[in-house]
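In what follows, a single structure is set out as structure tokens and then discussed.
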Amino acid sequence: MRCRRRTLRLEAALLSLALAGPAFGAPPTQTDAPAQTPSPVPVPAAGPEASAPAPADCLGEIARAAEIQGVPAPIAARLTDLPVDPEVVAATQNQAEFVKPIWAYLDANLTEARIAAGRAKLAEWAPTLAAIEARYGVDRHILVAFWGVESTYGSVLDDPGIVRPVLRSLATLACTPTPRAPYWRGELVAALQILAQDRPPAEPLTGSWAGAMGHTQFMPTVYQAYAVDFDGDGRRDIWTSVPDALASTANYLTAMGWRPGERWGSEARLEPGFDYGLADETTERSFAAWRALGATPVQAPADDGAGAVLIVPAGARGPAFLLQPNFRMILRYNTALSYALTVAHLADRLRGAPAFERDWPRGDAMLSADALKGLQARLAELGFAPGAADGKPGPRTRAALRAFQAARGLVPDGYADPALVERIKAGP
């Protein structure tokens, strides 16, 4: 069976350390955000090499830009004297998807209580979910899984320790001198535009520390482009209307390219002696071809001719996964692999599937960004090209690890466990 390379940015998405979508409390990456959401008219913004204006001056610039884009002056004036939220600034350095090992993130989100609550929600909202499936073609289990991961089925929306005023959060981020400030300024203008609608949502706008809003956590620009009024009350209410929130999520996934009737993929059983060099995250083969090579999906696909790529995020000692194109749609919501696997696996558990067959190497510690930078630099010194020493475990770094392992007669799984790290540090 002929194989081919995927070009739909899977390399950049898998195991990326940055977010590209409206995840609860998590900012998108600079490169991915514009591709995912429509950008508003540019607002004045201090770049990373420019001196940042004082918060009052910064908010004044944004307010003027918002008025140019049609926001009434009284609404734009709400930015005046908004205080900085220090907890928001601190939260940008502590995103659970990236500071926990993948198995710790999965364990924290795939509890029996969350699975049971999700099954109850499937029963409670069955007619609504059936109508959403019929209109958008997105599986109800996936939608409820997003709902469960993003806001614990809406329960956190009433927790004042979690939800915050969206304008204040976005103003803090927009006027903090970081390379991401232009993105946050655009989101802040979008939030003001939402408040200026003929039928605005209930005030104040509330959301996560990053300005993500409602049951399934839409950023303001995503809300503008994809939120829908599914319950027919004349408002796109993702805060208090479950039908609007879930239908908006389905609308977003459909717009991103969701394939009705297809799975996200499956855990894979790998035969003894499997060639881990094939798990390069980018080469797509049919399920029939993968079986012939020794990789069998645990959950059988509807079409054995459908294509999938193979990943082993924790190397030969952890589970393997055959990922279909719909997995990329989950990654468009949030490009952390731990997040996407959580949504995918929660959806399977909600429909009655068992837990993953193979466990994770739970004794391993996750490399810090600084440690990974050092490892990348050392790989480069040894003649294996990992890309920039940026502390992000992307596809090029894992390809360099596989090349090092292959050259030393090791299993080329691309996973930097403690023994491999020490061997790379030791030299040729």
Residue with peak Gaussian network fluctuation, the chain [Cα springs, cutoff 10 Å], from ALA347, ALA90, ALA131 = ALA90
Leaving out same-chain residues fewer than 8 places away, which lysines sit with a Cα under 25 Å from that of LYS373?
-> LYS100, LYS392, LYS425
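Could you state, as a whole-number percent, how many of the C-alpha pairs of the chain are farther apart than 35 Å? Let's see the in-between values first.
Working: 28791 of 91378 pairs.
Everything past 35 Å amounts to 32 percent.
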Once the Cα atoms of helix 395-407 and of the chain are each reduced to a long axis, what angle between those two axes, in degrees from 0 to 90 to the nearest 10, is obtained?
-> 10
Enumerate the amide H contacts of GLY414 below 5 Å, restricted to partners 5 or more residues apart or on another chain; note that Pro and chain-start residues carry no placed amide H.
-> ARG402
Compute the label zone of LYS100 within region 360-380: residues whose backbone N is under 20 Å from the point 7 Å along Cα-to-Cβ.
-> 360-369
Is the shape of region 326-377 rounded, prolate or oblate, going by the alpha carbon gyration tensor and its root eigenvalues a ≥ b ≥ c, with a/c under 1.5 for rounded and a/b larger than b/c for prolate?
-> oblate
How many Å² of accessible area per residue for the chain, probe 1.4 Å?
-> 41
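Is region 84-233 best put as rounded, prolate or oblate by its Cα gyration tensor, with a ≥ b ≥ c the root eigenvalues, rounded for a/c under 1.5, and otherwise prolate when a/b is larger than b/c, oblate when not? Before the final figure, lay out the partial values.
Details: a/c = 2.13, a/b = 1.24, b/c = 1.71.
Judged from the Cα gyration tensor, region 84-233 comes out oblate (a/c at least 1.5, b/c at or above a/b).
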Hey, with R₀ at 25 Å, roughly what FRET efficiency would ARG269 and ARG351 work out to, going by the Cβ-Cβ distance, to 0.05?
-> 0.80
Using a Förster distance of 35 Å, how high is the FRET efficiency between ASP107 and ASP229, based on the Cβ-Cβ distance and rounded to 0.05?
-> 0.40
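Return a whole-number percent for the relative contact order of region 143-299, with Cα pairs under 8 Å and 6 or more residues apart as the contact set.
Numbers: 200 pairs, mean separation 28.2, N = 157.
It rounds to 18 percent for region 143-299.
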Simple spin-label estimate for ALA385/ARG408, 7 Å along Cα→Cβ, in nm, reads 2.2
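Heavy atoms only, probe 1.4 angstrom, no DNA, RNA or ligands counted: give me GLU67, GLU124 ranked by accessible area, highest first. Walk me through the numbers before you get to the answer.
Numbers: GLU67 90, GLU124 110 Å².
Sorted descending by solvent-accessible area, the residues read GLU124, GLU67.
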Magnitude of the charge dipole, the chain, Cβ model with Lys/Arg +1 and Asp/Glu -1, debye to 20 | 1100
Efficiency of FRET from Cβ geometry, ALA90 and ALA426, R₀ 45 Å, rounded to 0.05 = 0.75
Using helices alone, what [θ] at 222 nm do you get for the chain, with -39,500 (n - 2.57) per DSSP H run of 4 or more residues, divided over all residues and rounded to the nearest 500?
-> -13000 deg cm²/dmol
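How would you order 217-228, 391-402 from highest to lowest mean count of nearby Cβ atoms within 10 Å? Mind dumping the intermediate values first?
Details: 217-228: 24.8, 391-402: 21.5.
Per-residue mean Cβ counts within 10 Å order the peptides as 217-228, 391-402.
Can you say what percent of the DSSP beta bridges in the chain, counting only those with both residues inside, are antiparallel? Round to 5.
Numbers: 17 of 18 bridges.
Once the DSSP bridges in the chain are tallied, antiparallel ones form about 95 percent.
Return a whole-number percent for the relative contact order of the chain, with Cα pairs under 8 Å and 6 or more residues apart as the contact set. Before the final figure, lay out the partial values.
Values: 752 pairs, mean separation 90.5, N = 428.
Rounded, it is 21 percent for the chain.
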Would you mind classifying region 342-428 by shape? Square roots of the alpha carbon gyration tensor eigenvalues, ordered a ≥ b ≥ c; an a/c under 1.5 is rounded, otherwise it is prolate if a/b is larger than b/c and oblate if not.
-> prolate
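The values are calculated or read from the model by the stated rules, or taken from the named source; none is laboratory data. None of the values given here were measured: they were computed from a predicted structure. So basically every Cβ, Gly included, is an ideal-geometry build from the backbone, and we count neighbours across all protein chains shown. For accessibility, only protein heavy atoms count, side chains too; no ligands or nucleic acids. Shrake-Rupley method; radii C 1.70, N 1.55, O 1.52, S 1.80 Å.
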